[in-house]
Amino acid sequence: CKVLGEELVKYGFKLVSDGTDNHLILVDLTNKNITGKEAEKILDDIGITVNKNSIPNEKRSPFVTSGIRIGTAAVTTRGFDIEAMKEIAAIINKAIERNEDIEILKKRVKILCNKYPLYN
């Protein structure tokens, strides 16, 4: 989770606590011109599950939000390593910035999931 957070920061994302000490990251999207609700939908469409989440001093409705919460328990259980976490951050960035085709991003997610299957 720490690597994912560090990589997201490199892409210009703001982490609410400037990092993480556990398996959760709260990302403030106010500088990305996207709501938490929109980000949740876009990421869900490509196969990455996050939750819209309010941030400190939230100005939006709890049904829209200015942030997302990312948990890594599922991917670490699958065995995702440092390079996989870097790839997840890159995919999230491309999706949020809306500068890569959705189908390409879906394929990148599928490649990761196939590399780290739930079951042998």
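With the cut-off at under 14 Å, measuring from each backbone N in region 9-24 to a point 7 Å along the Cα-to-Cβ line of ASN51 picks out 23-24. Between ILE96, ASN51, LEU112, the Cα set farthest toward the positive side of the dipole of region 44-120 (charges on each charged residue's Cβ, about the Cα centre) is that of ASN51.
Each 10 Å bin from zero up to the one holding the largest Cα-Cα distance in the chain carries the following percent of pairs: 14, 48, 32, 6, 0. Each Lys and Arg Cβ is given +1 and each Asp and Glu Cβ -1; about its Cα centre, region 33-95 then shows a dipole of about 240 debye. A probe of 1.4 angstrom, applied to the heavy atoms of all protein chains, finds ARG98 with accessible area near 130 square angstrom.
Taking the Cα centre of the chain as the origin, how large is its charge dipole in debye, to the nearest 20, when only Lys and Arg (+1) and Asp and Glu (-1) carry charge on their Cβ atoms?
Its charge dipole is roughly 200 debye.
Dipole size of region 5-44 about its Cα centre, with +1 on Lys/Arg Cβ and -1 on Asp/Glu Cβ: approximately 180 debye, rounded to the nearest 20. Structure note, pairs LYS59/LYS86; LYS52/LYS86; LYS37/LYS110: Cα-Cα distances above 29 angstrom occur for LYS59/LYS86. Per residue, the accessible area of the chain comes to 59 Å², computed with a 1.4 Å probe over protein heavy atoms only. Using a 1.4 Å probe on the protein chains only, how many percent of the accessible area of the chain belongs to carbon and sulfur? With neighbouring chains kept in place, the figure for the chain is 51 percent.
The values are calculated or read from the model by the stated rules, or taken from the named source; none is laboratory data. If you're wondering where the values come from, they're calculated on a predicted model, not measured in any experiment. As a convention, Cβ positions derive from the backbone with ideal geometry for all residues, glycine included, and neighbour counts pool all protein chains shown. Quick note on the areas: whole protein, heavy atoms, side chains included, nothing else; ligands and nucleic acids left out. Shrake-Rupley method; radii C 1.70, N 1.55, O 1.52, S 1.80 Å.
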